[in-house]
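Report on the structure given below.
Each value in this text was obtained by applying a stated rule to the coordinates, not by laboratory testing. Note that the coordinates shown come from a computational prediction; the quantities given were computed from them, not determined experimentally. In this analysis, Cβ positions are derived from the backbone assuming ideal geometry, glycine residues included, and neighbour counts consider all displayed protein chains.
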Amino acid sequence: MKTFDTIIIGAGAAGLMAAAQLTMRKKSVLILDMGDAPARKVAISGGGNCNFTNLRADYTHYFGKNQRFVISALNQFSPKDMLDWVKKHNIKYIEKEPGRYFCKNGANEIINALLQDAKGATIKYNTNVIGVDKDGDKFIIKTNSGDFASGSVIVATGGVSYPHLGVSDIGQQIAKKFGHKIEPIRPALCAIKTNEFNTELAGISLPVEITVDKNKIADDLLFTHFGIGGPAVYRATLLNSKEMTINFAPDIDVFELLKSVKQKNGKKSVAGVITTILPNKLAHFLCNDARNIADLRDSELKQIANTINHFEINDGIAIGFQSAEVMMGGISTDKISSKTMESKLCPGLFFAGEVIDITGDLGGFNLQWAFASGFVAGKNT
Ligand SMILES: Cc1cc2nc3c(=O)[nH]c(=O)nc-3n(C[C@H](O)[C@H](O)[C@H](O)COP(=O)(O)OP(=O)(O)OC[C@H]3O[C@@H](n4cnc5c(N)ncnc54)[C@H](O)[C@@H]3O)c2cc1C
């Protein structure tokens, strides 16, 4: 059996970035991937244009049992380093929002650059890793097409969302085998199923503010056939609560507005007033009262205003791994060195990327984490 210095499990964002750091130091590297192409999630990321980093990426934009775990990796390979890497590879990019970067000509440019940097590594596709054993100071990687040996292993197998791409929980199984704890997994950055709305609203999009516990998320919401989606809702799923409040008119105190219209123009219908601040169908869904505003008591106006400024949802369920951008939870950071990504329980075993219990906010934070943790694992292996 040929022995490699390092075997990387997963040719995704983290695995390829790690490989580049190793081949740069002339290490022999084998990358094993169950898919038939590299970085398949990068290829579909950012709607095909890969939101590859965000200059605001610090620990406050990450979730997991220990969000501060990301600090060292983000210092060692910062969003600015990622942007410099993109520039070095002559990849054209656009800044869609301040600090939030996408590829201009498609995510494939990032994948090609990753492959170019990792060209010293051997990549074996359609190779499903089914386990890892330790034999003395060697690791034996078991796959559907035979065993491979190495002095060290980087587990960069990602999350289990988008299962139709071909994903697995082998990273968690390997970690468990070597004594690591697994934090419960769940889908996030996805739409929410709720029975609070009707399908006629599907397609309407508007800026809202969602409150989950004490956290406020200001972004766009999109009504779907089964509930709600859009960036505000995606971000709300990171907070894992069935309950949330939506403010459909975040810049307007609707009670004050209704009271003032009642004083100045009492013959207007309440519903008519609401259509001046919300899309027609939504306005009528939230308030179908055709009475003149002058005929309503202030307490009734308050109730209507509350429906718009504080719409409560109590049955919100993340739609599932099928269409979630990320997996929350995964390998506990407890027994992993944040400075090197090496297991504290098994020397030579490293982890990188989404497989670890670290999840970023929407906006390029997840790929930044995958690249940074892959960089650190590769540098220290
Ligand atoms: C639709 C979508 C859009 C997204 N858009 C963005 C975005 O714009 N910006 C952003 O920051 N993040 C985005 N993300 C999240 C981001 O793509 C991931 O967080 C990131 O790719 C994780 O990188 P990774 O290297 O840890 O895992 P992955 O990129 O998922 O790579 C893991 C690799 O491991 C391989 N593997 C798994 N199991 C096995 C096994 N048993 N044997 C062999 N190989 C195995 C897989 O085939 C895969 O190639 C998006 C995700 C999705 C699904």
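What is the local net charge at ASP295, summed over the other residues whose Cβ is closer than 10 Å to its Cβ (Lys, Arg +1; Asp, Glu -1)?
+2
With labels modelled as points extended 7 Å from the Cα through the Cβ direction, what inter-label distance (nm, one decimal) is found for PHE226 paired with GLN322?
0.4
Taking the Cα centre of the chain as the origin and placing charges on Cβ (Lys, Arg +1; Asp, Glu -1), which of VAL355, MET1, ASN198 is farthest toward the positive end of the dipole?
After comparing all options, I get MET1.
For the residues SER260, SER343, what sequence is obtained by ranking on other C-beta atoms within 10 Å, fewest first?
Ranking SER260, SER343 by Cβ neighbours within 10 Å, fewest first, gives SER260, SER343.
Please give, to one decimal in nm, the separation of the simple spin-label points placed at TYR59 and ASP5, each 7 Å out from Cα toward the Cβ.
That separation, rounded to one decimal, is 3.1 nm.
Quick check: Cα centre of segment 212-276 to Cα centre of segment 313-369, how many Å?
32
What distance in nm separates the simple spin-label points at SER337 and MET24, each placed 7 Å from Cα in the Cβ direction?
The two pseudo-label positions are separated by 1.8 nm.
Charges at C-beta only: +1 for Lys and Arg, -1 for Asp and Glu. How large is the resulting dipole of segment 254-312 about its Cα centre, in Debye rounded to 20?
The dipole of segment 254-312 has a size of about 240 debye.
Assuming R0 = 56 Å, can you tell me the calculated FRET efficiency for the pair ARG297 and LYS96, based on Cβ-Cβ distance, to the nearest 0.05?
0.75
Could you give each residue of segment 65-70 its phi-based ³J(HN,Hα) in whole Hz, using Karplus coefficients 6.51, -1.76, 1.60 with θ = phi - 60°, and x for Gly or Pro?
Ordered by residue, 3J(HN,Hα) equals 4, 9, 5, 6, 4, 7 Hz.
What ³J(HN,Hα) values, in whole Hz, does the Karplus curve 6.51 cos²θ - 1.76 cosθ + 1.60 give for segment 105-115 when θ = phi - 60°, with x put for Gly and Pro?
So the J values, rounded to whole Hz, are 10, x, 5, 4, 5, 5, 4, 4, 5, 4, 5.
May I ask you to sort THR23, THR307 by Cβ crowding, counting other Cβ atoms within 10 Å and putting the fewest first?
THR307, THR23
Relative to the Cα centre, what is the charge dipole magnitude of the chain, using +1 at the beta carbon of each Lys and Arg, -1 at the beta carbon of each Asp and Glu, and rounding to the nearest 20 debye?
Dipole magnitude for the chain comes out near 760 debye.
To the nearest 0.05, what FRET efficiency results for LYS268 and THR199 with a Förster distance of 51 Å applied to their C-beta separation?
The computed FRET efficiency comes out at 0.95.
Under the classification rounded if a/c is under 1.5, otherwise prolate if a/b is larger than b/c and oblate if not, where does segment 79-213 fall, given a ≥ b ≥ c as square roots of the Cα gyration tensor eigenvalues?
oblate
Step by step: find N for segment 254-312, compute 2.2 N^0.38 Å, then divide the Cα radius of gyration by it. What's the final number?
Compared with the compact-globule rule of thumb, segment 254-312 sits at 0.98.
Which of PHE102, ALA294, PHE248 sits closest to the plus end of the dipole of the chain, meaning its Cα is farthest towards the positive end, when Lys and Arg get +1 and Asp and Glu get -1 on the C-beta?
Ranked along the dipole, the leading option is PHE102.
What number does the chain give for Rg over Rh if you use C-alpha atoms and the Kirkwood radius?
With Rh from the inverse mean 1/r over Cα pairs, Rg/Rh is 1.09.
Where does the chain land at 222 nm, in deg cm²/dmol rounded to the nearest 500, when only DSSP H runs of n ≥ 4 count, each adding -39500 (n - 2.57), divided by all residues?
-8000 deg cm²/dmol
Under 14 Å from the Cβ of VAL29, count the other residues' Cβ atoms, weight Lys and Arg +1, Asp and Glu -1, and hand me the total.
+4
Could you tell me the calculated FRET efficiency between HIS310 and SER241, based on Cβ-Cβ distance and R0 = 25 angstrom, to the nearest 0.05?
That gives a FRET efficiency of 0.95.
Per the Kirkwood definition applied to all pairs of different Cα atoms, how many angstroms is the hydrodynamic radius of segment 120-174?
12.3 Å is the Kirkwood radius here.
Relative to the present Cα-Cα distance, how much length would full extension add between THR122 and ASN66 at 0.36 nm per residue of separation?
16.7 nm
Just want the ordering: PHE52, PHE139, PHE226, from fewest to most Cβ atoms lying within 10 Å of their own Cβ.
Ranked by crowding around the Cβ, least crowded first: PHE226, PHE139, PHE52.
Under 15 Å from the Cβ of MET244, count the other residues' Cβ atoms, weight Lys and Arg +1, Asp and Glu -1, and hand me the total.
Spelling it out: positives minus negatives among the neighbours equals -2.
List the residues, sorted by chain then number, that are 5 or more residues from ASN128 or on another chain and whose placed amide H is less than 5 Å from its amide H.
Correct list: ASN144, SER145.
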